[in-house]
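The values are calculated or read from the model by the stated rules, or taken from the named source; none is laboratory data. What you see is a predicted model, and the numbers here were worked out from it, not measured in a lab. Virtual Cβ from ideal backbone geometry, glycine too; neighbours counted across all protein chains shown.
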Amino acid sequence: MAYIATIKDEDIRVEIEESEPGLYRVWINGADCKVDFFEARENLYSLIFDHQSYEVDIDEVENGSYSVMVKGDHFDVLVVDEKKKKLAEKLGAGAGGRQEIKSPMAGNIWKLLKNQGDFVKEGEVLIILEAMKMENEIRSPIDGLVTSVSAVEGAAVSAGALLCLIDPTEE
Amino acid sequence: MFNKVLIANRGEIAVRVVRACKELGIATVAVYSEVDRASLHVRVADEAYCIGPAPSSQSYLMAEKIIEVARKAKVDAIHPGYGFLSENAEFAELCVENDIVFIGPNPRAIRIMGNKTTSRVAVAEMNVPLVPGMKENLLNAEHCLEWSEKIGYPLMLKAAAGGGGKGMRKIDSPDGLLDAFRATKSEAIKSFNDDAIYMERYVDRPRHIEIQVLGDKHGNMIHVGERECSIQRRHQKVIEEAPSPIVDEEMRQRMGAAALSAARSVNYDSAGTVEFIVSGESKEFFFLEMNTRLQVEHPITEMVTGIDLCKEMIRSAAGQELTIKQEDVQMRGHAIECRISAEDPDNDFLPTPGKIAGLRVPGGPGIRDESGVYEGFEVPIHYDPLISKLVVWGRDRDNAISRCRRALSEYIVKGIKTTIPFHARVMLNEHFISGDFDTSFIDTHFKMEDAAHKRPDEKVAIIGAVIKAFRRDKENSQRITSTTEGGGGVNPWKLSGRIRSLSNR
């Protein structure tokens with residue numbers, strides 16, 4: 001079975017098969033690894049390969065999106081079935097580039113700098129979010145038109161909450 | 001000694017003070033805001049009172065409310081921790097008026113040291129070296145030009161009421177001077193409600209080194225060595241160590257004597273810290289400011305001297321004499337503190353409030369974890385992101401660094417991102433290891449190397465995630481098979497047809 005693992009915007013193809021329960025053969029970057037995978041407790045795993053022992057925390061944050069910790073270092077890995085990814089790419093190609101601007105963290109909306117109907121440039125600040133005594137600027141990823149704003153000044157938002165929509169256009 | 005103490009703070013420092021009180025046999029009273037009901041400091045204290053809504057301006061900064069609770073709970077004294085009301089002279093006076101001891105210095109010392117201009121005048125009288133510059137405030141643009149010629153470039157413009165790295169600017173040439181004068185002034189009034197600014201020399205390769213002092217109400221005062229605090233991000237300390245890699249015994253004694261003079265200028269009578277800016281080139285040191293409170297980084301001094309600063313501070317507030325003499329103070333080994341915050345180091349240190357889904361804290365020799373959280377705790381959005389301080393001790397600096405690296409690799413916080421990976425990378429940085437750094441370390445020496453840094457365990461992370469995905473997919477497909485086998489109202493033939501039609505799309 002083949003998966004595409006995405007880490008820091010880099011796609012890596014990984015093939016895997018189960019040789020016996022708990023033992024896996026994994027092909028990654030041309031290397032062939034035999035991995036002994038043991039679930040020590042929920043979301044905490046002991047991995048042995050090449051006689052190297054690793055304690056690894058793996059939490060599935062969302063469907064296919066994993067938060068992994070190895071020796072104090074933190075990694076975000078997206079794992080998608082290669083077939084499904086190809087299918088999704090085919091469907092996604094040519095689709096509109098409407099941008100959903102979501103809150104990257106829980107906080108309070110400090111200031112709304114753009115309103116519905118405003119044109120924005122890529123990198124322009126849309127909203128200032130306040131959390132933990134810090135002001136955090138949320139910028140537009142594209143040039144476009146703000147088509148709707150759901151954020152309200154002074155209101156609390158949770159991580160991942162939709163703040164506004166931007167349609168790619170030119171002024 | 002006191003019978004009962006109220007701690008007017010939250011988080012790890014409130015827990016720290018409760019521990020000191022317990023060791024001294026003192027009962028403790030916690031105060032908390034409405035969102036802090038589940039906080040650790042509330043659980044560890046003997047009594048707890050809710051003092052208002054989440055914003056600190058309506059809770060932890062409400063002096064009157066805290067005094068009211070103190071009277072109700074019949075406490076003898078209030079420990080303010082750091083931040084919040086800890087350096088508020090009016091609050092210290094309010095305590096005195098209500099017959100409650102403020103665990104900190106006398107209010108006059110707080111007031112004088114709380115302002116850059118008055119503190120510089122006070123310590124200059126005691127011949128404490130100051131960065132060459134003005135002792136008064138800048139009046140206008142002409143005054144600014146006049147002083148710039150006396151001081152020379154590069155120079156700094158600073159807000160008199162400033163602190164925490166806000167309200168200061170480095171100016172390299174006369175071109176930008178007057179614009180910077182106006183900008184610093186307007187920033188000063190916005191941030192500190194006071195537009196007074198002054199000018200001083202810029203110190204080359206600046207390091208930030210501070211001396212811990214301890215005083216009592218009987219006129220005794222000692223210094224207990226230095227802390228190196230040059231590893232800063234946006235002028236906020238993130239890693240501290242004691243001793244400093246550039247301070248030898250001779251320099252330590254000179255800095256210690258200067259710190260004592262500075263403290264004596266205000267009859268200092270508690271635990272406090274005199275901060276110096278030190279030129280990494282010439283090793284000249286200049287008075288920066290005095291913090292009239294217990295510092296975040298106090299544990300590293302405790303680790304190398306064996307002195308419990310928090311307990312000494314409480315004892316001295318209760319009118320007891322210091323139990324340590326200057327000649328008894330010795331530094332042994334090396335200590336490092338990493339401030340662990342709910343911030344994402346891979347995403348420009350964006351705050352990451354949220355629930356701590358899992359927590360494993362390092363152990364073993366030489367490790368001290370000063371935590372304010374626990375597994376299952378939800379880090380609120382309203383306060384400082386510091387969740388814990390990892391403090392390690394080693395026989396020497398090299399041993400402390402390798403121990404710190406080991407402890408960080410054991411430290412697991414799940415559910416929210418923290419600065420643990422950032423600290424792990426600093427502990428591998430060659431400039432940090434060699435001790436060759438200044439306050440610009442993170443911007444100059446760290447970012448580039450960090451960007452190029454190949455993370456050795458990336459492959460392990462990918463393999464782990466893929467195996468987990470594979471096991472999940474396998475389990476799901478088995479579940480489909482077993483439900484279809486069980487009948488359950490689904491006609492397996494129909495289902496199979498549907499799967500086929502999907503895969504043909």
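Is it the case that segment A:147-157 has a residue that's touching a Ser or Thr at 6+ places or on another chain (Cβ under 7 Å), outside any strand (DSSP E or B) and in contact (Cβ under 8 Å) with a residue 24 or more places away in the chain?
No, there is no match, as no residue in segment A:147-157 is touching a Ser or Thr at 6+ places or on another chain (Cβ under 7 Å), outside any strand (DSSP E or B) and in contact (Cβ under 8 Å) with a residue 24 or more places away in the chain.
Going through segment A:1-15 one residue at a time, which ones are facing another protein chain (nearest Cβ under 8 Å) and among the hydrophobic types (A, V, I, L, M, F, W, C)?
Within segment A:1-15, A:M1, A:A5, A:I7, A:I12, A:V14 qualify.
Residue-by-condition table, conditions (1) more than 14 Å from chain A (Cβ to nearest Cβ); (2) within 30 Å of A:H74 (Cα to Cα); (3) in contact with an Asp or Glu (Cβ under 6 Å, 6 or more places away or on another chain):
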| residue | (1), (2), (3) |
| --- | --- |
| B:Y268 | yes, no, no |
| B:F287 | yes, no, no |
| B:T292 | yes, no, yes |
| B:I300 | yes, yes, yes |
| B:V329 | yes, no, no |
| B:G333 | yes, no, no |
| B:E337 | yes, yes, yes |
| B:E343 | no, yes, no |
| B:F349 | no, yes, yes |
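Can you find even one residue in segment B:210-231 that is at pLDDT below 95 and either within 21 Å of the chain's Cα centre (by Cα) or surrounded by 16 or more Cβ atoms within 10 Å (Cβ to Cβ) (or both)?
Checking segment B:210-231: not a single residue is at pLDDT below 95 and either within 21 Å of the chain's Cα centre (by Cα) or surrounded by 16 or more Cβ atoms within 10 Å (Cβ to Cβ) (or both).
In segment A:52-70, what residues are more than 8 Å from chain B (Cβ to nearest Cβ) and either not hydrophobic (A, V, I, L, M, F, W, C) or not in a strand (DSSP E or B) (or both)?
Scanning segment A:52-70 gives A:Q52, A:S53, A:E55, A:E62, A:N63, A:S65.
Could you please give the count of residues in segment A:71-84 that are buried (at least 23 other Cβ atoms within 10 Å of the Cβ) and either more than 7 Å from every other protein chain (Cβ to nearest Cβ) or among the hydrophobic types (A, V, I, L, M, F, W, C) (or both)?
3
Restricting to segment B:388-408, count the residues that are within 14 Å of chain A (Cβ to nearest Cβ) and either free of Cβ contacts under 8 Å to residues at least 40 places away in the same chain or touching a strand residue (DSSP E or B) at 6+ places or on another chain (Cβ under 6 Å) (or both).
8
Looking at B:E378, is it more than 9 Å from every other protein chain (Cβ to nearest Cβ), surrounded by fewer than 23 Cβ atoms within 10 Å (Cβ to Cβ) and closer than 19 Å to A:M134 by Cβ?
On the way: more than 9 Å from every other protein chain (Cβ to nearest Cβ): yes; surrounded by fewer than 23 Cβ atoms within 10 Å (Cβ to Cβ): yes; closer than 19 Å to A:M134 by Cβ: yes.
Here the answer is yes, as B:E378 does meet what is asked.
Pairs only if they're at least six apart or on different chains, beta carbon under 6 angstrom, first in segment B:194-212 and closer than 24 Å to B:P299 by Cβ, second at pLDDT 90 or above and among the hydroxyl-bearing types (S, T, Y); list them, first residue then second.
B:R207/B:S230; B:H208/B:S230; B:H208/B:T439; B:I209/B:S244; B:E210/B:T273; B:Q212/B:T273; B:Q212/B:T301
Condition test on A:L129, is it in contact with an Asp or Glu (Cβ under 8 Å, 6 or more places away or on another chain), under 22 Å from B:E378 (Cβ atoms) and part of a strand (DSSP E or B)?
yes
How about segment B:43-77: which of its residues are within 14 Å of B:Y383 (Cβ to Cβ) and in a helix (DSSP H, G or I)?
Answer for segment B:43-77, where residues must be within 14 Å of B:Y383 (Cβ to Cβ) and in a helix (DSSP H, G or I): B:S56, B:S57, B:Q58.
Assess whether B:I314 counts as being away from chain A (no Cβ under 14 Å) and β-branched (V, I, T).
yes
Condition check ((1) touching a Ser or Thr at 6+ places or on another chain (Cβ under 9 Å); (2) in a strand (DSSP E or B)) across all residues:
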position	(1), (2)
B:E289	yes, yes
B:I324	yes, no
B:I336	no, yes
B:G364	no, no
B:Y374	no, no
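Filter segment B:291-322 down to residues that are among the polar types (S, T, N, Q) and in a loop (DSSP other than H, G, I, E, B) and give me whichever is nearest to B:D369 (Cα to Cα).
B:Q295
Specify the residue that is surrounded by the fewest Cβ atoms within 10 Å (Cβ to Cβ); the eligible residues are those in segment B:406-441 that are at pLDDT 95 or above and over 20 Å from the mean Cα position of the chain (by Cα).
Per the criteria, the residue is B:S434.
On the basis of being within 19 Å of the chain's Cα centre (by Cα), more than 14 Å from chain B (Cβ to nearest Cβ) and more than 25 Å from B:A342 (Cβ to Cβ), does A:S140 make the cut?
Details: within 19 Å of the chain's Cα centre (by Cα): yes; more than 14 Å from chain B (Cβ to nearest Cβ): yes; more than 25 Å from B:A342 (Cβ to Cβ): yes.
Yes; evaluated as a whole, the condition is true for this residue.
Please tell me if B:T444 is away from chain A (no Cβ under 13 Å), free of Cβ contacts under 8 Å to residues at least 24 places away in the same chain and under 22 Å from the mean Cα position of the chain (by Cα).
Against the criterion (away from chain A (no Cβ under 13 Å), free of Cβ contacts under 8 Å to residues at least 24 places away in the same chain and under 22 Å from the mean Cα position of the chain (by Cα)), B:T444 qualifies.
Only residues that are touching a strand residue (DSSP E or B) at 6+ places or on another chain (Cβ under 7 Å) and under 30 Å from B:M168 (Cα atoms): list them for segment B:88-117, please.
B:A92, B:P105, B:M113, B:N115, B:K116, B:T117
Let me confirm something: among B:P105, B:P174, which residue is at pLDDT 90 or above and buried (at least 19 other Cβ atoms within 10 Å of the Cβ)? It would help to see each step written out before you state the result.
Values: B:P174 fails: buried (at least 19 other Cβ atoms within 10 Å of the Cβ).
From the options B:P105, B:P174, the qualifying one is B:P105.
Can you tell me how many residues in segment A:49-66 are surrounded by 22 or more Cβ atoms within 10 Å (Cβ to Cβ) and hydroxyl-bearing (S, T, Y)?
1
Within segment A:49-72, is even one residue under 20 Å from A:E10 (Cα atoms), touching a Lys or Arg at 6+ places or on another chain (Cβ under 6 Å) and hydrophobic (A, V, I, L, M, F, W, C)?
Yes, the conditions are met somewhere in segment A:49-72.
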